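Trainee: Sharing a structure with you now.
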Amino acid sequence: MSRDYAQEHRFRKSITPEAREAREKKRDAKNAVKIAAGEIAWFVGNRKLRKLGTIGFGIPAGVAKDRFNTCPSKGECAAWCFARQGFYVFPHVRAAHERNLAIVRGDLYRFVTLAVRDLTTRFRKIKTVRVHDSGDFFSAPYLKAWFLIAKACPEKRFYAYTKMFAKLAAAFAKTPPNFWIVQSFGGVDDAKVN
């Protein structure tokens, strides 16, 4: 047994369960965002989602730093949006969401290329992609970019919750078979949710 391992083992045995849990949460928060400079930030989420083989992609919830509206159909949900509290307000998470949005708004073709590359190489073993643990499909071209990614990765399941179904109905009509869309409540078009 190496000396470092023995010291770590003694340390683990000496801490309380509460301290161990706090340490694990801190480690999870630190490891939750996998980023390489100039690349897309994918969120590996909590231990439960990692065990299920799920990663997520997010952009700022509601309004970006430059006041760009990432959730055009938000309504009452803006007051209690889970993606505007907790883990999501950590500076490194906010920065990752802002960077994802900058990549998307800068060049959709580049975004599709980077996402397909990541999903077929770095995350080839991942089975499921949650689109927008934060944010929404703010435009038809952006939604279509996600559909291109899903078509390029037919072995993966994609899913997203959205309040944009009514505004982008024509685009949603072309949803690929490996992409599940869930209409969510709390937006301005709740009366149109099926």
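A short reminder: the numbers here are calculations on the coordinates, not readings from a lab. These numbers come from a predicted model, not from an experiment. Note that we place each Cβ from the backbone using ideal geometry, even for glycine, and neighbour counts take in every protein chain shown.
Trainee: Tell me which residues come under 5 Å, amide H to amide H, from W42 once H is placed; ignore anything under 5 positions away on its chain.
Mentor: K34
Trainee: Amide H to amide H under 5 Å from W180: which residues, 5+ apart in sequence or cross-chain, H placed 1.01 Å off N in plane?
Mentor: For W180, whose amide H was placed from the backbone, the distant partners under 5 Å are F158, Y159, A160.
Trainee: Can you figure out the FRET efficiency of E155 with A102, using R₀ = 30 Å and their beta-carbon distance, to the nearest 0.05?
Mentor: It comes to 0.55.
Trainee: Under the 0.36 nm per residue contour assumption, what length would be gained going from the current alpha-carbon distance of L52 and T113 to full extension? Don't jump to the answer; show the numbers that get you there.
Mentor: Values: separation 61, 0.36 × 61 = 21.96 nm, distance 2.52 nm.
Here the segment from L52 to T113 would lengthen by 19.4 nm.
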